[in-house]
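A quick write-up on the structure given underneath.
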Amino acid sequence: MAAASAITAVSGVVLPQTFLSHRSPPPQVLAVASSFHRLSLCASHRRITHIIPRADASAEAGEPEPVTTSAESEEEVAEGSVAVAEAEEPTPPSKPKVKFGEIIGILNKQFIEEAEKVKTVPDLRPGDIIELRMQRPNKRRLSLFKGIIIAKHKAGVHTTIRVRRIIAGVGVEITFPVYSPRIKEITVIRHKKVRRAKLYYLKDKLPRFSTFK
Amino acid sequence: MAAFLRSKCSPVGRTLMGSLGNSLFGAANSSVGAITRPSHCDAISQQIRTFIQMRTNLKVVDNSGAKRVMCIQSLRGKKGARLGDMIIGSVKEAQPRGKVKKGDVVYGVVVRAAMKKGRSDGSEVQFDDNAVVLVNKKGELIGTRVFGPVPHELRKKKHLKILALAEHIV
């Protein structure tokens, strides 16, 4: 025990045996802790704030401030408070905040209106046999695609239709954005009576159900 | 009807009618199956619409002599090949007296894929089958004709000869 205390006194390191014998930590440990605390206090940085006085414009110009009597000043204060009360009364109620989702909806409507000015988009439903005229990049002439709408995905200005057709014995499905500027014209030829929103079963049917002259 | 007749007949007649009834009903069922579920559409309905990877079977759509190719290596990307990519395949089925024979290892360009492929204008194209055109290492066509529709994305991939020979460009 004595050896342990001697080691502590010399090196400042506390061995676990010292803690086992006493409930409270020995004075050396407390001294070390307090010294560390003092160190930390000394090391703390304090911001020094300076108050810079600024002169008024009237003082700079050298104009003397008008001196008013106490009675006059009281009257002015009373008049000012009445004016403030009058100004506060006619404030209109604050407008409700527009949420982000509503903004997107408004923008969608605007874009759709602009797109419909350029070309009229007919009412497209699954089962419609349509003819699309679209412009390919770096090409002058319009390419034509005819087929049956097997699905429609409504998403505002990003609304898409999936058109299916058999070309040379192979089924081809192309998804077109309805409001795309590349699509110049959409014509509904006729409507096929269907009882589904998605006509994916046409993939398993005979090719004649998806073939159009 | 057949069951009713069988119940009224003698044991011999019953066996005869039974066989007749079974054959009749079997024929009827088979014909209905043929009408409602055509055999050529089974492959389409079972088509997995994903990347063309190892062991994917592809249809050969040129006159090189091969009918069916199995992909053994995709030369593009980690996951697999898509529309317009090159693959290495093994000929699984071939016509007699063709330019390639069964078991040959060949290069091919994917001209049709069941997986969706996006385009720059926002549209997406997908086909009902996976098809390939056989080429050599340099990318020159083995065949002289290309059957069926091919997408115009092949222009970007510098496969202009395929586009020139194609029946339809989608």
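The values are calculated or read from the model by the stated rules, or taken from the named source; none is laboratory data. What you see is a predicted model; the values in this text were computed from it and never measured. Neighbour counts are summed over all protein chains in view; Cβ atoms, including those assigned to glycine, are modelled from backbone coordinates with ideal geometry. Surface accessibility is based on the protein's heavy atoms, side chains included, excluding ligands, DNA and RNA. Shrake-Rupley method; radii C 1.70, N 1.55, O 1.52, S 1.80 Å.
Looking across region B:82-129 at every residue that is of a type in the set (Asp, Glu) and within 14 Å of another protein chain (Cβ to nearest Cβ), the one that is surrounded by the most Cβ atoms within 10 Å (Cβ to Cβ) is identified as B:ASP128. Scanning region B:130-154 for residues that are within 10 Å of chain A (Cβ to nearest Cβ) and open to solvent by 30 Å² or more (accessible area, probe 1.4 Å) yields B:PHE147, B:HIS152. Only one of the numbered conditions (1) surrounded by fewer than 17 Cβ atoms within 10 Å (Cβ to Cβ); (2) under 27 Å from B:PHE147 (Cβ atoms) is violated by A:ILE148, and that is (1).
Taking each residue of region B:82-94 that is at positive phi and looking for partners that are open to solvent by 10 Å² or more (accessible area, probe 1.4 Å) and in a strand (DSSP E or B) with beta-carbon atoms closer than 9 Å, six or more apart or interchain, yields B:GLY84/B:LYS117.
When region A:178-213 is limited to residues that are farther than 17 Å from A:ARG125 by Cβ and of a type in the set (D, E, K, R), the one that is least open to solvent (accessible area, probe 1.4 Å) turns out to be A:LYS203. Taken together, the residues in region A:168-195 that are at the interface with chain B (Cβ under 7 Å from one of its Cβ atoms), within 27 Å of A:ASN108 (Cβ to Cβ), of a type in the set (A, V, I, L, M, F, W, C) and part of a loop (DSSP other than H, G, I, E, B) amount to 0. Going through (1) under 17 Å from B:VAL170 (Cβ atoms); (2) more than 11 Å from chain B (Cβ to nearest Cβ); (3) touching a Gly at 6+ places or on another chain (Cβ under 6 Å) one by one, A:ARG165 falls short only on (2).
Among residues of region B:155-170 being open to solvent by 20 Å² or more (accessible area, probe 1.4 Å) and more than 14 Å from chain A (Cβ to nearest Cβ), the one that is farthest from A:THR175 (Cα to Cα) is B:LYS161. Scanning region A:151-177 for residues that are within 14 Å of B:HIS168 (Cα to Cα) and either open to solvent by 10 Å² or more (accessible area, probe 1.4 Å) or of a type in the set (Val, Ile, Thr) (or both) turns up A:ARG165, A:ILE166, A:ILE167, A:ALA168, A:GLY169, A:VAL170, A:VAL172.
Give B:ILE169, B:ILE162 a once-over and let me know the one that is among the β-branched types (Val, Ile, Thr), within 18 Å of A:SER143 (Cβ to Cβ) and out of contact with any Asp or Glu (no Cβ under 8 Å at 6 or more places or on another chain). It is B:ILE169.
In this entry, A:TYR201 passes the filter for residues that are facing chain B (nearest Cβ under 10 Å) and either out of contact with any Ser or Thr (no Cβ under 9 Å at 6 or more places or on another chain) or part of a strand (DSSP E or B) (or both).
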